[in-house]
Amino acid sequence: MPPLLFALGSGLAWGAADFLGGITAKRRPILAVVLLSQLAGTAFITALVLLRGVPPPAPRTLLVALAGGTAGAIGLAALYRGLAIGRMGLVAPTAALSGAIPVAWGLLRGERPSALQLAGIAVAIGGIVLAARTPDPEGQRTTAGLGLAVVAALTIGLVGVALDEAGRSDPFYATLMVRVGALSLLVLAVLARRPTLRVGAVDGGRLALTGVLDNGANLAFAMAANRGGLLALNAVLGSLYPVTTALLARFLLRERLSRVQTLGVLGALAGVALIAGG
């Protein structure tokens with residue numbers, strides 16, 4: 001399978017995971033949602049690693065992935081806190097710029113997409129940011145949470161860099177160690193806050209699927225790197241998750257997209273077309 005298809009699959013799976021996790025988070029504590037879903041996802045990727053029966057790669061690969069997972073946990077915490085204290089219409093699109101971090105890293109290390117693909121990168125990132133915007137019902141302008149959104153963008157962006165670097169050696173171990181790094185911090189947070197972990201059968205099944213989709217997305221992104229894909233292009237396609245989430249909410253929950261969000265979705269899809277055509 002071509003690398004760009006793996007990368008596109010990661011963006012679709014991440015968006016679906018966010019959609020399912022968001023539905024459950026409306027009824028359950030955030031920490032419980034994240035912990036239970038990621039435990040299920042960790043079991044999934046651990047089973048795949050064991051079934052392969054391949055010895056682990058060099059320690060450097062494992063440490064890079066572990067650091068990426070830790071950065072991702074910090075980014076997720078910053079994002080949730082920023083959304084809690086700030087305006088979603090400001091925090092969410094700022095955090096959506098996380099895809100620009102691996103794009104920049106790929107260009108700095110010498111990747112050279114075609115001119116058409118570079119245009120697609122710019123159009124897609126702009127569309128992703130617009131698609132992540134939400135209406136501000138109170139119409140207030142504030143910068144509360146902006147700093148946390150920037151932290152989230154930087155640290156979540158590092159996850160893509162880590163998955164790419166480690167995935168080129170072994171995408172399965174890269175995915176596993178990213179999750180181990182994230183879970184290490186997450187378990188500490190759960191022990192400190194002690195949220196209730198009780199969920200019903202429906203929510204439990206939804207959380208399990210959320211974890212499998214999330215870790216499957218990580219694996220697909222790492223596979224894109226392993227197949228020789230350019231990080232600058234893979235990162236943009238993987239960053240389409242806000243578009244996926246918005247479209248699922250539109251068609252499954254009948255949520256209306258604002259004009260700005262609709263423009264963003266169309267822009268992101270146009271960017272994908274340019275990248276594929278390049």
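The values are calculated or read from the model by the stated rules, or taken from the named source; none is laboratory data. What you are looking at is a predicted structure, and each value in this text was computed from that prediction instead of being measured. Neighbour counts are summed over all protein chains in view; Cβ atoms, including those assigned to glycine, are modelled from backbone coordinates with ideal geometry.
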Val54 passes all but one of the listed conditions (1) assigned to a helix (DSSP H, G or I); (2) touching a helix residue (DSSP H, G or I) at 6+ places or on another chain (Cβ under 8 Å); (3) among the hydrophobic types (A, V, I, L, M, F, W, C); (4) more than 21 Å from Val243 (Cα to Cα); the exception is number (1)
*Is it fair to say Tyr173 is of a type in the set (Ser, Thr, Tyr), touching a Pro at 6+ places or on another chain (Cβ under 7 Å) and buried (at least 21 other Cβ atoms within 10 Å of the Cβ)?*
yes
Counting only residues in the range 1-22 that are among the aliphatic types (A, V, I, L, M) and either crowded, with 18+ Cβ neighbours inside 10 Å or in contact with a Pro (Cβ under 8 Å, 6 or more places away or on another chain) (or both), the one nearest to Val159 (Cα to Cα) is identified as Ala7
Flagged in the range 110-136 as touching a residue at least 24 places away in the same chain (Cβ under 8 Å) and not in a helix (DSSP H, G or I), in numbering order, are Glu111, Pro113, Ser114, Ala132, Arg133, Thr134, Pro135, Asp136
Scanning the range 260-272 for residues that are small (Gly, Ala, Ser) and modelled with pLDDT under 90 gives Gly264, Gly267, Ala268, Gly271
Counting only residues that are assigned to a helix (DSSP H, G or I), in contact with a Ser or Thr (Cβ under 7 Å, 6 or more places away or on another chain) and modelled with pLDDT of 90 or more, the range 154-172 contains a total of 2
Filtering the range 1-41 down to residues that are part of a loop (DSSP other than H, G, I, E, B) and either within 15 Å of Leu219 (Cα to Cα) or in contact with a strand residue (DSSP E or B) (Cβ under 9 Å, 6 or more places away or on another chain) (or both) yields Met1, Pro2
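Conditions (1) in contact (Cβ under 8 Å) with a residue 60 or more places away in the chain; (2) more than 19 Å from the chain's Cα centre (by Cα); (3) surrounded by fewer than 22 Cβ atoms within 10 Å (Cβ to Cβ), marked per residue:
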{"site": "Val33", "(1), (2), (3)": "yes, no, no"}
{"site": "Leu51", "(1), (2), (3)": "no, yes, yes"}
{"site": "Val54", "(1), (2), (3)": "yes, yes, yes"}
{"site": "Ala58", "(1), (2), (3)": "yes, yes, yes"}
{"site": "Thr61", "(1), (2), (3)": "yes, yes, yes"}
{"site": "Leu79", "(1), (2), (3)": "yes, no, no"}
{"site": "Gly86", "(1), (2), (3)": "yes, yes, yes"}
